[in-house]
1. Within the range 338-381, track down each residue that is loosely packed, with under 15 Cβ neighbours inside 10 Å, hydroxyl-bearing (Ser, Thr, Tyr) and under 18 Å from Ala405 (Cβ atoms).
2. Would you check which residues across the range 311-363 are of a type outside the set (Asp, Glu), over 26 Å from Arg237 (Cα atoms) and assigned to a helix (DSSP H, G or I) and list them?
3. Quickly run through the range 585-638 and pick out the residues that are farther than 27 Å from Leu543 by Cα and of a type in the set (A, V, I, L, M, F, W, C).
4. Run down Phe271, Phe220 and say which single residue is modelled with pLDDT under 95, open to solvent by less than 40 Å² (accessible area, probe 1.4 Å), in a strand (DSSP E or B) and not small (Gly, Ala, Ser).
5. Residues Ala297, Ala375, Ala347: which one is in contact (Cβ under 8 Å) with a residue 24 or more places away in the chain and not basic (Lys, Arg)?
6. Within the group Gly454, Gly461, which residue is out of contact with any Phe, Trp or Tyr (no Cβ under 6 Å at 6 or more places or on another chain), under 30 Å from Thr327 (Cβ atoms) and open to solvent by less than 20 Å² (accessible area, probe 1.4 Å)?
7. Would you mention how many residues in the range 118-137 are outside any helix (DSSP H, G or I) and surrounded by fewer than 13 Cβ atoms within 10 Å (Cβ to Cβ)?
8. Which of the residues belonging to the range 301-337 are buried (at least 22 other Cβ atoms within 10 Å of the Cβ), within 19 Å of Thr384 (Cα to Cα) and under 19 Å from the mean Cα position of the chain (by Cα)?
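The values are calculated or read from the model by the stated rules, or taken from the named source; none is laboratory data. Only a predicted model underlies this, so the values are computations on that prediction, with no experimental measurement involved. Methodologically, a virtual Cβ is constructed for each residue, glycine included, from the backbone with ideal geometry; neighbour enumeration extends over all protein chains shown. The accessibility values were calculated without ligands, DNA or RNA, using every heavy atom of the protein model including side chains. Shrake-Rupley method; radii C 1.70, N 1.55, O 1.52, S 1.80 Å.
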Amino acid sequence: MKPPGGRRAIFRLASAVFFALLLLAAPAFCRQSPSFAKEQTALNRALERAAGLGLSSDPYWRTLCHYRKTARGISSRIDDPAFFCSPQGKTDPQAELEALIRLLFTPAQEPGQGAFCRFPARSAWVVSRLAIPESDFPQSGCPEVEETLRRIAPAKSFIVFAASNMQNPASLFGHTLIVVDSEAGTRLTANAVNFSAITPPEFGPLYIVKGIFGLYPGRFGVGPYYAKLSDYSDMGRRDMWEYPLNLEPAETRRMLLALLEMAPFYSDYYFADENCSFALLYLLDAARPGLSLADRAGVFVFPADTLRVAESAGLFSGPPRYVPSRTARIAALADRLDRPEIRAAQAVSRGSLSPSSMLEAGAGSDEQALQLDLAAQLISLAHTEKEVDQKTFAGRFRDILAVRAGLPASPEEPAPAEPAQPLAGHLPTLLAAGAGAKDGEPFLAAHLRLLYQGLDDPDLGFRPGAQIFFGDAEVRFYPGRGATELERLTLLDITSLAPRSLLFSPASFRIHLGLSRMPVRKGGDTLAGDLSYGRGVCYESPLLGLSYALVCADLGLSGALDQSYDLGPALRAGAVRDLGGLGKLHLGVTATHYALGERHDRVKIFARGSFFTRQNAALFWEASEEKAFGRTETEVSLCAGGYF
């Protein structure tokens, strides 16, 4: 059936317009099609080549994406979804690779948003492996990344270990960072690469708990090294060691590209494994393909472990350089003065004595100069730690320097005695076995401590007086009655015996949480919850070593107790003496008056010690007597242990 005349005319007109528009558009299609086809061809060729080379299974691709094997397959340690090009990128290396390749061929909508800018390390590696000419990409390279590298001007690099400050829970295990020296070669121009938890001000124990369970985000950051020196050495009172790395310029560039790629993104921070130290291993793996340091590290990774892994991989080019803390430098300066001279320098720093009075004293000019130097250091430390305001500091410091300028130059500033470097210390996990007797009943014992350092362990490479236990357990077998018992399980124990001196008055403290055997009124003992917190003082002497006294609150929890608990004040006192690096002797007493719940008194005296046969082996012994509920119980034990 033919359309009516009017409709036929409209139909013919519409057809003519359509074909006319098609003819006009044809040149445009002809101009765009070759380019579009070329891009599609290059993309398809890149995807096919990547599949043929098996790049998604390449160890270096897995390093750049932080992939690891898990019980469910493969997963990245990076928790920020924005780190991945593909929605499945966290668990699918192939999908992530393909998504990145597609992004390389996608024009950026804004400057700095292209693949080469957002993912510089992955992009550079994929392009180099695929051997694709830069002309095949809509844009190649990233001016912003190159400008950053030019500004850093990397020349040489080193790992820095900052020792712990037991007054600060954030520093319990120390800290590591990577420092990149510029071509100028001065500390003022060096950059510090740091991975740290983003934390608000928290109560110390809460900080520890949240850190253990990964409740803080962690990020990489880059900042001036001199600022880190101020934070750790001056304000944090922490000694530091610089271990030089033997990275080549190309390796340093790869490390920095990986850093710039990860810096905008977060990953959950765990104290025991995914921490400041473990994150640095990925940067070193990115610098030198094939190292696989992250895979070689143990279950728990601490700052000293990073040093051990790097040393075993041959990454150090020489011995470390010791950088003493400001407090260590002040103590070394004070060692040149006698007690009255130190007191006078303190008085000057506090403003209670005029600096000019130093010149009226009978001491020689050298001693006067040292006193004024010490006063200047003390007022500077007080200002750094915000104990005095800027106006007060400026006035006192100016007055001290004015008097000091009238004296001849003092002898060279005394250098602090260098302690043993961290690599000299034992490994963090202890396994021991031995035997003993409890009230004459023999037993066999097995002891496992997951982490880290005890008062009776070697001090070499650790801070004397520091105890940090995580997961410390002892199991006993009594052959006479065929019984196996858990003697104790310490979930957390942090004890800091910080000696006081004329110059510094740190607090000593103890935090303890776990299970332990405790006597009960009806006879025998029971396994009870054991919580304790206390503070006190510690002094050091040549004869007794570290002498301490702590006043604590002790809480026991068990159904075998009246009202299922006992609570009361406790006094813990003792002395820990180092035997010239060959062992330790620890004498102590604990007296507790349980005033609430199960009311009773409990007193325990003990002597225990250790002998160090090698760096990672020791013998431990203990003898104790405990009195509770009118009964006295004695115990002796001897065991051999190894650290691993």
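1. Result: Ser354, Ser356, Ser357, Ser365.
2. Ser312, Ser357, Met358, Leu359
3. Ala595, Leu596, Ala628, Phe629
4. Phe220
5. Exactly one of Ala297, Ala375, Ala347 is in contact (Cβ under 8 Å) with a residue 24 or more places away in the chain and not basic (Lys, Arg), namely Ala375.
6. Every option except Gly454 fails the conditions.
7. Total meeting the criteria: 2.
8. Ser325
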